[in-house]
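The structure appears below as structure tokens.
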Amino acid sequence: MTRIQPSELKEITDLIFEKYGYDFRNYAMSSFERRVIRMLDLKHLTVKSLLKTLSDQPSFVEEFLKELTVNVTEMFRDDGFWRSMREEIIPTIRSEHSKFNIWHAGCSSGEEVYSMAILLAEMGLSDDSRILASDLDPTMLVRARVGSYPLKSMETNEKNYAAFRKKAGTLRKYYTEENGRAVLRRELQTNISFVKHDLVTAGTTHKFNLILCRNVMIYFNQALQNEVLIKFHKSLEPSGFLAIGSKESLIWCDVASKFSVVNSQEKIYRKIKD
Ligand SMILES: C[S@@+](CC[C@H](N)C(=O)[O-])C[C@H]1O[C@@H](n2cnc3c(N)ncnc32)[C@H](O)[C@@H]1O
């Protein structure tokens, strides 16, 4: 089995950072290594030839990014989470603000963002909300902007949506079928901006009432998770909500005492202190 020495991984992450500005130096290294090995096998490369290709062919870095990042996502993944959004979190935000802002950080191909857009439409709140959806991977952002998914993937999305609603219902009214794909209705995008944004290297500017960053920090080491959580805390309005993935936690981080737990199972927190 191919193995990569820690010093070789360091050479790869240093090169990507210095030449392209993507900073993977504090990602969880075991999963990062697995991904690099997959890329080496796929392209029949050695570490040495990978370094040379990365160095000589700037266009290769996007292909490499696609392999390095985990992009798995679904619409309405984790039904309890979406019920909590519909029954508790969004109504609370709405009761305190006539207009509100949501940030999906690490939005991948957009399924989670469109789930939120559908939820807001069903709650009659599309015009009162703005969604910023960001990811570091440009290939994923293109997919998210286009909003067209294989029809086959809609089976899982439909199952999730039915589980979330706990009653019959279908997503069909939100898409049209075109050449074996489900093309989401353009109206769903009206209040969404898709932007490239790297959680590691970028600072904070805007403020949000709700930030969702689910299943992204799981690929970071603890020090990096800590840094990013500090940025999220800064980016939240007073009493704003933060939602992270079900396998993630913030109880150990520096800003933990500045949040209260709203839903421990669904990993939803609320900013209580500046
Ligand atoms: C597993 S997907 C999560 C998608 C969605 N949030 C969900 O839970 O369904 C993880 C996403 O995080 C993105 N990502 C990884 N590192 C990032 C970074 N430093 N800045 C922004 N996005 C990042 C990846 O490109 C990928 O699209």
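Straight Cα distances below 14 angstrom link LYS247 to the aspartates and glutamates ASP78, GLU266, with same-chain residues fewer than 8 positions distant left out.
Where does the Debye-calculated log10 I(q)/I(0) of the stretch 140-243 sit at q = 0.14, 0.15, 0.18 Å⁻¹, using only Cα point scatterers of equal weight, no solvent? Each listed q corresponds, in turn, to -0.79, -0.88, -1.07.
For a straight C-alpha distance cut-off of 17 angstrom, the aspartates and glutamates reachable from LYS10 (same-chain residues fewer than eight places away being disregarded) are GLU18, ASP23, GLU33.
In this structure, the amide hydrogen of GLY240, modeled 1.01 Å from its nitrogen in the peptide plane, lies closer than 5 angstrom to those of LYS271, counting only residues at least 5 positions away or on a different chain. Computed on the stretch 1-115, the Cα convex hull volume stands at 150 Å³ per residue.
Kirkwood hydrodynamic radius of the chain, from the reciprocal of the average inverse Cα-Cα distance over all distinct pairs: 19.8 Å. Quick one: if the Förster radius is 41 Å, what FRET efficiency do GLU67 and SER95 give, using the C-beta to C-beta distance and rounding to 0.05? With R0 = 41 Å, the Cβ-Cβ based efficiency is 0.40. Scanning the chain for long hydrophobic helices, with DSSP H runs required to stretch 27 angstrom or more by C-alpha along their axis and to average at least 1.0 on the Kyte-Doolittle scale, returns nothing. Under conditions of 20 °C and 1.002 mPa s, the stretch 69-135 yields 173 µm² s⁻¹ as its translational diffusion coefficient, taking Rh as the Kirkwood radius over Cα pairs in the Stokes-Einstein equation. The stretch 211-248 and the stretch 57-123 have their alpha-carbon centroids 13 Å apart.
In this structure, the residue pairs whose Cα-Cα separation is over 22 Å, taken from LYS207/LYS231; LYS19/LYS207; LYS234/LYS267, are LYS19/LYS207. When HIS104, HIS44 are sorted by how many other C-beta atoms sit within 10 angstrom of their C-beta, beginning with the fewest, the order is HIS44, HIS104.
Values quoted throughout were computed directly from the atomic coordinates according to the rules given, and no laboratory measurement underlies them. This one's a predicted model, so the numbers in the text were calculated from it and none came from an experiment. Backbone-built Cβ (ideal geometry, glycine too); neighbour counts: all protein chains shown.
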